[in-house]
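The values are calculated or read from the model by the stated rules, or taken from the named source; none is laboratory data. Note that the structure is predicted; figures quoted are calculated from it, not measured. With ideal geometry, Cβ positions are generated from the backbone for all residues, glycine too; neighbour counts draw on all protein chains shown.
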Amino acid sequence: MRSLPTAASPQATRVVVLGTGGVSIFARQFARLLGAVVIVTSSSDEKLTRAKQLGADVGINHKTTPAWPNAVVQLSGGRGADDVIDTVGGLRVAIAAIRVGGSVAFVGLLAGMSAEVDLVTLMGKSARVRAVDVGSRAMFGAMNRAIQCHRMRPAVDRVITFSEAADALRHPSEAKHVGKVCLGMDGPS
């Protein structure tokens, strides 16, 4: 397996983003804004291609590479990721992918309401796991200033009108999207 892109400094932060949904792709945008090398995981090579078009450095298909945390470690020269953005709730594999002293930002429950954690691996890596739900008003303001300053735009997979609201609810559950699924107005606005 090849190593991470050589354009990045050997000291560049390596961030793994689980999935290609709206939160994951937004996290990818912020990681790139901060100069990180971004690895995206997905069950679809098509979605990984799209994620790379949106700026991901590396894509790993977790269906064809079930030991994807080992691939992350190998890609990073044996070190592991500095950070994993876990939108799935797969804490065991997220922790396996990080370096010693790395962190997991736990932001999603797609895999269910509970997760198995290997406490020996967690302790051995001196890892931090932080649940992220909603930040403070000050954090929200800082985020919006960064978005404005850097002219960030959300990656929109699809805009669905109100008359197609049922499709708007079904489309994300089919897990075929890359980025946000948005509701728009019917007719001229």
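Odds and ends about this structure:
- Pairs meeting the criteria (first residue in region 70-96 and at pLDDT 95 or above, second residue outside any helix (DSSP H, G or I) and acidic (Asp, Glu), beta carbons under 6 Å, at least 6 apart or on different chains) are 94/86.
- Of residues in region 150-163 being among the β-branched types (Val, Ile, Thr) and farther than 22 Å from residue 53 by Cα, the one surrounded by the fewest Cβ atoms within 10 Å (Cβ to Cβ): 161
- Wholly enclosed helices (runs of 4 or more DSSP H) of region 84-149 bearing at least 2 residues surrounded by fewer than 13 Cβ atoms within 10 Å (Cβ to Cβ): 119-124, 137-149
- Residue pairs meeting the criteria (Cβ under 9 Å; at least 6 apart or on separate chains; first within 18 Å of residue 69 (Cα to Cα), in region 110-124; second of a type in the set (Lys, Arg) and at pLDDT below 95): 115/92; 116/92; 117/92; 118/92; 121/92
- For residue 112, the criteria (1) of a type outside the set (Asp, Glu); (2) under 30 Å from residue 93 (Cα atoms); (3) at pLDDT 90 or above hold in every case but one, which is (3).
- Each residue in region 150-189 was checked for being at pLDDT 75 or above and assigned to a loop (DSSP other than H, G, I, E, B), and 7 pass.
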